[in-house]
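My questions will all concern the structure given below.
The values are calculated or read from the model by the stated rules, or taken from the named source; none is laboratory data. What you see is a predicted model, and the numbers here were worked out from it, not measured in a lab. Heads up, the Cβs are rebuilt from the backbone with ideal geometry, glycines too, and the neighbour counts pull from every protein chain shown. With ligands, DNA and RNA removed, areas are computed over all heavy atoms of the protein, side chains included. Shrake-Rupley method; radii C 1.70, N 1.55, O 1.52, S 1.80 Å.
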Protein chains: 2
Amino acid sequence: MSESSGGETLLFLTDEQLRQGIEAVFFAYQSFTADPDRILATMAYGRAHHRAIHFINRAPGTTVNNLLAILGVTKQSLNRVLRSLVEDELVEARVGKVDKRERHLYLTEKGEALERKLSDAQRARMRSAYRAAGPQAVAGFRTVLEAMMDPEMRRRYLSLKESGI
Amino acid sequence: MSESSGGETLLFLTDEQLRQGIEAVFFAYQSFTADPDRILATMAYGRAHHRAIHFINRAPGTTVNNLLAILGVTKQSLNRVLRSLVEDELVEARVGKVDKRERHLYLTEKGEALERKLSDAQRARMRSAYRAAGPQAVAGFRTVLEAMMDPEMRRRYLSLKESGI
DNA sequence: CTTGGAATGTCAACAAGACTGACTTAAACT
DNA sequence: AGTTTAAGTCAGTCTTGTTGACATTCCAAG
């Protein structure tokens, strides 16, 4: 009922379609985090540890400040996570040679092993979803995700994307 | 370097491609929740309240148990949220006529107003992303998201999708 | 050279929101 | 009458976010 396709010029952009998109993102994201969450729950870690490990692996030697900017949390919040990872010898924090205030972060072998375990699970899900959907759908998927990002997020995303080639 | 396209038969499924997909989901989801989060932060509410409001609006008269199943949280967790929403007169919990043990949940006018405010923000983002990406990309986006969901999540998603037609 | 400010990171305390487990109440079913 | 189901409650824990205060280091202006 109501003005379903009232103000929209493009037919596929009804409120109902948009709402379904929102719900799809919600449910997909829950599934997306479920695999690593299950693994992390067996240890004393959570999603925050996963994120830190992921991005340290992605950009080894990154500083705490750098990581902060990517994750978008406060330094105090990240610090707690980082501390436990360093204590458990998954991450090494080396004092900067040029600037001694900085800490450069690296995964240890143990840290790399966990990273692989977590990302394997997540990649397996992405791989099977990508396979099932086909290359054209994947391209569209990526296009919409990038369009959804805030300029600031997109900047972070693209900087990683380029560094990873 | 390393075995970039070593074990994959399909070229577009390199580990690097999958990793970029994972990061895209991460950054897009952050942006996706940012708008409602900003609005909610001004009140004493959080994301949990938003989710409850969203699904009550989506399926008015739903029972607590029903909502529990959709959200995938414990009743203790949902109860805390629901209690504050009822106290603040955003949600009404009516005793069931057929089964008096059940509480049927409805948004009040005040609740509907907040729901609209929150979903307007989120829909605006989706709309502009969809517009920018084009219909074909949107179709692909939806296809991949559905393929990413656990069977259980997909079941929940589809049941809502159908009820919303 | 020194001193004051800026940048980087750490510690402590608190709040939201998730969880488990144990329990109560009321209603419905058998 | 006894069991199951729906909802709600109380207590305690964990993760992860927040602010505020503080230490260390660097750098630049006087």
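Could you please let me know if B:Met153 is facing chain A (nearest Cβ under 7 Å), surrounded by 20 or more Cβ atoms within 10 Å (Cβ to Cβ) and within 16 Å of DNA strand C (Cβ to nearest atom)?
On the way: facing chain A (nearest Cβ under 7 Å): yes; surrounded by 20 or more Cβ atoms within 10 Å (Cβ to Cβ): yes; within 16 Å of DNA strand C (Cβ to nearest atom): yes.
Spelling it out, B:Met153 is indeed facing chain A (nearest Cβ under 7 Å), surrounded by 20 or more Cβ atoms within 10 Å (Cβ to Cβ) and within 16 Å of DNA strand C (Cβ to nearest atom).
Which pairs turn up if I take residues in region A:67-78 that are of a type in the set (Ser, Thr, Tyr) and look for partners that are part of a helix (DSSP H, G or I) and within 8 Å of DNA strand C (Cβ to nearest atom) with beta carbon separation below 8 Å, at least 6 apart in sequence or on another chain?
Matching pairs, first to second residue: A:Thr74/A:Leu68.
Working only within region A:43-55, note down all residues that are open to solvent by less than 30 Å² (accessible area, probe 1.4 Å), part of a helix (DSSP H, G or I) and of a type in the set (Gly, Ala, Ser). Show your work before the answer.
Residues of region A:43-55 that are open to solvent by less than 30 Å² (accessible area, probe 1.4 Å), as a first pass: A:46, A:49-50, A:52-55.
With part of a helix (DSSP H, G or I) added as a condition, the list becomes A:49-50, A:52-55.
Hit for region A:43-55 is A:Ala52, nothing else.
Let me confirm something: among B:Leu71, B:Leu85, B:Leu118, B:Leu114, which residue is within 20 Å of B:Tyr45 (Cβ to Cβ), in contact with a Lys or Arg (Cβ under 9 Å, 6 or more places away or on another chain) and of a type outside the set (Lys, Arg)?
Just one listed residue meets the conditions, B:Leu71.
When you look at B:Val25, is it more than 14 Å from DNA strand D (Cβ to nearest atom) and among the aliphatic types (A, V, I, L, M), yes or no? Steps first, please.
Values: more than 14 Å from DNA strand D (Cβ to nearest atom): yes; among the aliphatic types (A, V, I, L, M): yes.
Yes: the conditions hold for B:Val25.
A:Leu68 versus (1) open to solvent by 40 Å² or more (accessible area, probe 1.4 Å); (2) within 12 Å of DNA strand C (Cβ to nearest atom); (3) under 24 Å from A:Ser159 (Cα atoms): which is the lone unmet condition?
It is condition (1) that A:Leu68 fails.
Could you give me the residue pairs with C-beta distances under 8 Å whose first residue belongs to region B:96-118 and is within 14 Å of another protein chain (Cβ to nearest Cβ), whose second residue is within 14 Å of DNA strand C (Cβ to nearest atom) and assigned to a helix (DSSP H, G or I) wherever it lies, and which are 6+ apart or on separate chains?
Partner pairs satisfying both residue conditions: B:Glu115/B:Ile53; B:Glu115/B:His54; B:Leu118/B:Pro36; B:Leu118/B:Ile39; B:Leu118/B:Leu40; B:Leu118/B:His50; B:Leu118/B:Ile53; B:Leu118/B:His54.
Kindly list, by first and then second residue, each pair from a residue in region B:120-146 that is within 7 Å of chain A (Cβ to nearest Cβ) to a residue that is of a type in the set (Lys, Arg) and surrounded by fewer than 21 Cβ atoms within 10 Å (Cβ to Cβ), limited to pairs with Cβ atoms under 7 Å and residues at least 6 apart or on different chains.
B:Glu146/B:Arg154
Which members of region A:74-111 meet the condition of being surrounded by 11 or more Cβ atoms within 10 Å (Cβ to Cβ), within 10 Å of DNA strand C (Cβ to nearest atom) and among the polar types (S, T, N, Q)?
Across region A:74-111, the qualifying residues are A:Ser77, A:Asn79.
Next question, about the same structure. Go through A:Arg47, A:Arg58, A:Arg19 for me and flag whichever is under 17 Å from the mean Cα position of the chain (by Cα) and away from DNA strand C (no atom under 16 Å from the Cβ).
On the way: A:Arg47 fails: away from DNA strand C (no atom under 16 Å from the Cβ); A:Arg19 fails: under 17 Å from the mean Cα position of the chain (by Cα).
That would be A:Arg58, the only listed residue that is under 17 Å from the mean Cα position of the chain (by Cα) and away from DNA strand C (no atom under 16 Å from the Cβ).
If you don't mind, another one. Taking region A:19-42, which residues are open to solvent by 30 Å² or more (accessible area, probe 1.4 Å) and facing chain B (nearest Cβ under 8 Å)?
A:Arg19, A:Gln30, listed by residue number.
Also: Output the residue which, of all residues in region A:43-86 that are among the charged types (D, E, K, R) and more than 8 Å from DNA strand D (Cβ to nearest atom), is farthest from the other protein chains (Cβ to nearest Cβ). Show your work before the answer.
Within region A:43-86, the first condition is being among the charged types (D, E, K, R), and the residues that meet it are A:47, A:51, A:58, A:75, A:80, A:83.
Right, trim to more than 8 Å from DNA strand D (Cβ to nearest atom) and you get A:58, A:83.
Details: A:Arg58: 8, A:Arg83: 23 Å.
Of everything passing the filter in region A:43-86, A:Arg83 is farthest from the other protein chains (Cβ to nearest Cβ).
Only helices (runs of 4 or more DSSP H) wholly contained in region B:81-165 count here; list those with 2 or more residues that are in contact with a strand residue (DSSP E or B) (Cβ under 7 Å, 6 or more places away or on another chain). Working first, answer last.
On the way: elements: B:109-133, B:135-148, B:151-163.
Qualifying helices (runs of 4 or more DSSP H): B:109-133.
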